[in-house]
Amino acid sequence: MFLLSLIENLNFLNMSLIVSISGIRGTIGGEQGNNLTPVEVMRFSASYAMWVRENSKKDKPKIVIGRDARISGEMIARIVHGALMSLGCEVIDIGLATTPTTEIAVIHELADGGIIITASHNPMEWNALKLLNSQGEFIDQNDIEKILDFYDSFEKLAFNDVESLGILLDGIDYVYKHVDLIAALDLVDVESIRDKKFTVAVDCINSVGALAIPVLLKKLGVEKIIELNCVPNGRFAHTPEPLEQNLTELMNIVRQKGADVGFAVDPDVDRLAIISEDGSYFGEEYTLVAVADYVLQHNPGGTVSNLSSSRALRDVTQKYGQQYHASAVGELNVVKKMKEVSAVIGGEGNGGVIYPALHYGRDALVGIGLFLSYMARSGMKPSQIRKLYTDYHMAKKKAPLKGIQFHDILDRIIGHYKEKAEINTTDGLKLDFDDGWVHIRKSNTEPIVRVYSEAHTQQRANELADEIIDKFFNH
């Protein structure tokens, strides 16, 4: 199984088609098998439909489709519609919608699954199919492998006859339902936010955040909204990952216009970056930390983040006498651990907030609602909130595999550090030292190895990551 081997070993650096628990992701155009072509979209969509049919008791399984504003989105959506309908599925298309909005729609439609057409933070030449189960959550590795079984036997697939084709329905505008659900949460304090008469600047990166974030801010009673890159045309004004180096325009606007806070998201709005009132970058790792701090003040309980996330969440959790838990990287793994330990808040250090009181999915919109409520209730500015937390520094680096087996490299690293660090092999390899940590793992979204590290100084974090790359990958 070619594609299954691609899951297990992302050594195909010349290819732009990646299959993982994060979806089927690739560049648009080019040759079949190497890119996300119409043929691949058709085959994967049909294979997913077969998996849904196998797991549904309905004559016509119901599948929700949502997409971000990428230029290729409409083309892919039409192919997905046809593939699902050809196998007897009822397709509910909610159109342009954030990833968390689509997840909520699956739940509220009592659907059997969902497909989100988005490549998240990847550049605009990329797109992807993110596959959901009936709980509006990402499907797991076992289910991906079952779908790939259907993919491999595609030539034997029997499509439905004309009397048993599926249907296509337009869904309601779930943006407003999503926003209403956020505003109704106990810890989202609309009255306090309105009383503060906040000015908020937002960078929606020319995608579906432009359709959701202004609506949310108005619902929450924000007095003035400064919009940046809020035309959802899919032509991203800057590199779409919401990192400090990509948000200089927003940082300048917050400072120059006197905004109380700035928010930036990625194209599908499951990651949230915060800009403080002085124009400084709050830190993507500290989005979850601050929101968790606020939640734990009012609702004590356990927290979860992945192994590549900052120790700062552990520190905040322990401050309230609660237990912190670490999971493997990936939203699916974080959600699984959150359910296992009944966590009240969790997520990933890339700005992904998962608040189970709303739903089990990374959601920048609920992150905005909770952070504004924290500001309003505490009377603190973002820069003051940020100073509450231990100052950790991270290095997030990449390394190519260059044809070397990943597990062989991990064995060599373990052999070198087994007497010097605490070893964790839950997801790749994590080395915990007294003064920091390093996490080495294959990416779910790119054909590379990620080497993340954290320490009390940026210099030490860089040293930890560089030592691993130089000793084990640059040969």
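The values are calculated or read from the model by the stated rules, or taken from the named source; none is laboratory data. What you see is a predicted model, and the numbers here were worked out from it, not measured in a lab. Cβ: placed from backbone, ideal geometry, glycine included. Neighbour counts: every protein chain shown.
Confirm whether Pro240 is assigned to a loop (DSSP other than H, G, I, E, B), at pLDDT 95 or above and either over 23 Å from Arg377 (Cβ atoms) or hydroxyl-bearing (Ser, Thr, Tyr) (or both). Taking the combined requirement at face value, the residue satisfies it. Do we have Glu277 as among the acidic types (Asp, Glu), under 21 Å from the mean Cα position of the chain (by Cα) and not in a helix (DSSP H, G or I) here? Here the answer is no, as Glu277 does not meet what is asked.
So for region 62-74 (the condition being in a helix (DSSP H, G or I) and in contact (Cβ under 8 Å) with a residue 24 or more places away in the chain), does at least one residue qualify? Looking for residues that are in a helix (DSSP H, G or I) and in contact (Cβ under 8 Å) with a residue 24 or more places away in the chain, one finds at least one in region 62-74, hence yes.
With respect to the conditions (1) of a type in the set (D, E, K, R); (2) modelled with pLDDT of 95 or more; (3) more than 27 Å from Val202 (Cβ to Cβ), Arg362 falls short on a single one, namely (3).
What are the residues in region 149-165 that are assigned to a loop (DSSP other than H, G, I, E, B), among the hydrophobic types (A, V, I, L, M, F, W, C) and at pLDDT 95 or above, if any? If the condition is that a residue be assigned to a loop (DSSP other than H, G, I, E, B), among the hydrophobic types (A, V, I, L, M, F, W, C) and at pLDDT 95 or above, then Phe159, Leu165 are the ones that fit. Criterion applied to Val261, Val222, Val269, Val265 was being assigned by TED's automatic domain parsing to the domain that holds Ala357, of a type in the set (Val, Ile, Thr) and over 24 Å from Gly349 (Cα atoms), and the one residue passing it is Val222. For region 295-316, enumerate the residues that are buried (at least 21 other Cβ atoms within 10 Å of the Cβ) and either under 29 Å from Thr199 (Cβ atoms) or touching a helix residue (DSSP H, G or I) at 6+ places or on another chain (Cβ under 7 Å) (or both). Result: Val295, Thr303, Val304, Ser305, Asn306, Ser309, Ser310, Ala312, Leu313, Val316. A search for C-beta distances below 6 Å between a residue of region 454-474 that is closer than 12 Å to Phe433 by Cβ and any residue that is in a helix (DSSP H, G or I) and at pLDDT 95 or above, counting only pairs 6+ apart in sequence or on different chains, returns Glu454/Ala461; Ala455/Ala461.
Sub-8 Å Cβ pairs linking a first residue in region 310-335 that is aromatic (Phe, Trp, Tyr) to a second residue that is crowded, with 21+ Cβ neighbours inside 10 Å, at least 6 apart or interchain, are Tyr324/Thr303; Tyr324/Val304; Tyr324/Ser305; Tyr324/Leu313; Tyr324/Thr317, ordered by first then second residue.
Okay, residues lined up against (1) surrounded by fewer than 19 Cβ atoms within 10 Å (Cβ to Cβ); (2) modelled with pLDDT of 95 or more; (3) of a type outside the set (Ser, Thr, Tyr); (4) under 18 Å from Leu168 (Cα atoms):
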| residue | (1), (2), (3), (4) |
| --- | --- |
| Pro100 | no, yes, yes, no |
| Ala105 | no, yes, yes, yes |
| Leu110 | yes, yes, yes, yes |
| Ile115 | no, yes, yes, yes |
| Gln135 | yes, yes, yes, no |
| Ile144 | no, no, yes, no |
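Being touching a helix residue (DSSP H, G or I) at 6+ places or on another chain (Cβ under 8 Å) and either part of a helix (DSSP H, G or I) or without any contact (Cβ under 8 Å) to a residue 40 or more places away in the chain (or both) is true for just one of Leu185, Leu168, Leu181. Which residue is that? None of the other options fit; the residue is Leu181.
Leu358 - would you say it is assigned by TED's automatic domain parsing to the domain that holds Val200 and in a helix (DSSP H, G or I)? No: the conditions fail for Leu358.
Among residues that are under 30 Å from Val261 (Cβ atoms) and in contact with a strand residue (DSSP E or B) (Cβ under 8 Å, 6 or more places away or on another chain), Glu446 is not included.
Of the residues screened, Val254 is one that is crowded, with 21+ Cβ neighbours inside 10 Å and within 18 Å of Phe282 (Cβ to Cβ). In region 403-475, counting only strands (runs of 3 or more DSSP E) that sit wholly within it, the ones holding 2 or more residues that are outside the structural domain of Arg25 (by TED's automatic domain parsing) and surrounded by 15 or more Cβ atoms within 10 Å (Cβ to Cβ) span 429-433, 436-442, 449-455.
Yes/no matrix, rows are residues, columns are (1) out of contact with any Ser or Thr (no Cβ under 7 Å at 6 or more places or on another chain); (2) under 24 Å from Met380 (Cβ atoms):
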residue: Asn306; (1), (2): no, no
residue: Tyr324; (1), (2): no, yes
residue: Val335; (1), (2): yes, no
residue: Gly346; (1), (2): no, yes
